[in-house]
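The structure appears right after this line, and notes come after that.
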Amino acid sequence: MRDKYPDLELEYVFTDSGCELPETYEFLDRIRAVLNISITVIKSERDWESYWSVWKTKSTHQGHYTYLPSPKQRWCTEVLKLIPYENWLQTNYPDYTIHSYVGLRADEKRDRSGFTSIKGNVIQHHPFIENGLVFQDIKNLLLDSGLGFPKYYKWRKRSGCYFCFYQTKREWLGLYDNHPDLYQKAMSYETIIPEKGIKYTWNEDISLQELLVLREAILKEPLVEDNSGKTPDKLSAILAYII
Ligand code: SF4
């Protein structure tokens with residue numbers, strides 16, 4: 001952005017849900033150092049725990065346990081990222097027309113509705129999409145600039161909260177291997193009451209507890225060759241049972 005639009009007065013911001021991975025915070029520091037820029041961190045005044053307890057209480061009173069956010073009920077993004085961003089913009093630039101640049105790639109799945117300002121003075125731009133930049137282009141940008149990839153990229157393909165429901169099973173297992181404490185924390189938000197038939201979990205088909213039990217059981221078994229004569233790695237063996 002800085003090189004392509006040298007005349008723009010840019011301010012870099014990061015909307016922090018407060019539940020990001022440690023690697024994300026580390027990468028932010030790296031961006032600051034390598035690119036020599038400052039990044040403003042925008043955070044909700046109330047944290048995830050406080051929102052979650054309200055949703056949990058509300059849904060419990062209504063007889064439902066539907067408080068976990070999900071692709072259909074993405075209230076997490078709204079309260080932890082979009083509203084704090086809007087508040088910050090309107091507090092700092094109330095009388096401006098604001099141009100907001102978001103880093104969605106041209107080949108990225110568009111599962112995000114994007115940010116719409118309540119006041120209507122924010123114009124949203126997607127420079128990667130507008131310039132047709134796909135994964136390989138972003139990879140080149142990261143490598144050429146000296147930034148490289150965030151460390152979580154070895155086991156997870158997108159940033160976001162440690163409990164993000166968009167994670168694949170492979171990424172959940174990666175979370176367990178890299179941050180078992182965060183995996184346990186994510187697990188503590190799931191509600192399973194078998195006698196009432198209630199099962200509200202981050203994944204529709206398997207709870208995090210079940211995923212762990214399965215993992216342990218499979219790891220105890222000796223790995224056997226598949227039809228092509230190859231022995232699968234442990235993670236692939238676990239995933240073959242789940243997916
Ligand atoms: S990263 Fe996932 S869990 Fe976190 S706010 Fe975004 S959609 Fe919600």
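The values are calculated or read from the model by the stated rules, or taken from the named source; none is laboratory data. Worth saying up front: this structure is predicted, and the values here are computed from it rather than measured. Please note: Cβ atoms are built from the backbone with ideal geometry, for glycine as well, and neighbour counts cover all protein chains shown. Protein only, heavy atoms only, side chains kept; ligands, DNA and RNA dropped before computing areas. Shrake-Rupley method; radii C 1.70, N 1.55, O 1.52, S 1.80 Å.
Points to keep in mind about this one:
- For a straight C-alpha distance cut-off of 23 angstrom, the lysines reachable from Lys56 (same-chain residues fewer than eight places away being disregarded) are Lys43, Lys72, Lys81, Lys185, Lys196, Lys199.
- A Förster radius of 30 Å combined with the Cβ-Cβ distance from Tyr93 to Leu35 puts the calculated FRET efficiency at roughly 0.85.
- Modelled label positions at Ser100 and Ala217, each set 7 Å beyond Cα in the direction of Cβ, lie 4.6 nm from each other.
- Qualifying lysines (Cα of each under 20 Å from Cα of Lys139; at least 8 residues distant if same chain): Lys4, Lys109, Lys151, Lys154, Lys157
- Whole-number D in µm²/s for the chain (Stokes-Einstein; Kirkwood sum over Cα pairs; 10 °C, 1.306 mPa s): 77
- Highest mean first, the peptides 185-196, 14-25 sorted by other C-beta atoms within 10 Å per residue fall in the order 14-25, 185-196.
- Where Rh is the Kirkwood radius over Cα pairs, Rg/Rh for the range 167-243: 1.03
- Net charge of neighbours whose Cβ lies under 11 Å from the Cβ of Gly132, counting Lys and Arg as +1 and Asp and Glu as -1: -2
- Using the Cβ-Cβ distance between Lys4 and Gln184 with R0 set to 45 Å, the FRET efficiency from 1/(1 + (r/R0)^6) comes to roughly 0.55.
- Where the chain is the region considered: accessible area per residue in Å², 1.4 Å probe: 61
- Of all DSSP-defined beta bridges confined to the chain, some 30% are antiparallel rather than parallel.
- Contact order normalised by residue count of the chain, Cα under 8 Å, 6+ apart, percent: 17
- Share of carbon and sulfur in the accessible heavy-atom surface of the chain [1.4 Å probe, %]: 52
- Computed from point charges on the beta carbon alone (+1 for Lys and Arg, -1 for Asp and Glu), the dipole magnitude for the chain about its Cα centre is near 360 Debye.
- Dipole magnitude for the range 12-53: about 200 debye, using +1 per Lys or Arg Cβ and -1 per Asp or Glu Cβ, origin at the Cα centre.
- Radius 14 Å from Cβ of Pro150, net charge of other residues (Lys, Arg +1; Asp, Glu -1): +3
- Over the chain, DSSP H runs of length four or greater, each weighted -39,500 (n - 2.57), average out per residue to a 222 nm ellipticity of -11500 deg cm²/dmol.
- Between Gln124 and Asp47, the simple spin-label model (points 7 angstrom out along Cα→Cβ) gives 2.9 nm.
- Among Phe135, Ser117, Ala186 the positive-end extreme of the charge dipole of the chain (Cβ point charges): Ala186
- Taking 7 Å steps out from each Cα toward its Cβ at Ser236 and Leu143 produces label points 2.4 nm apart.
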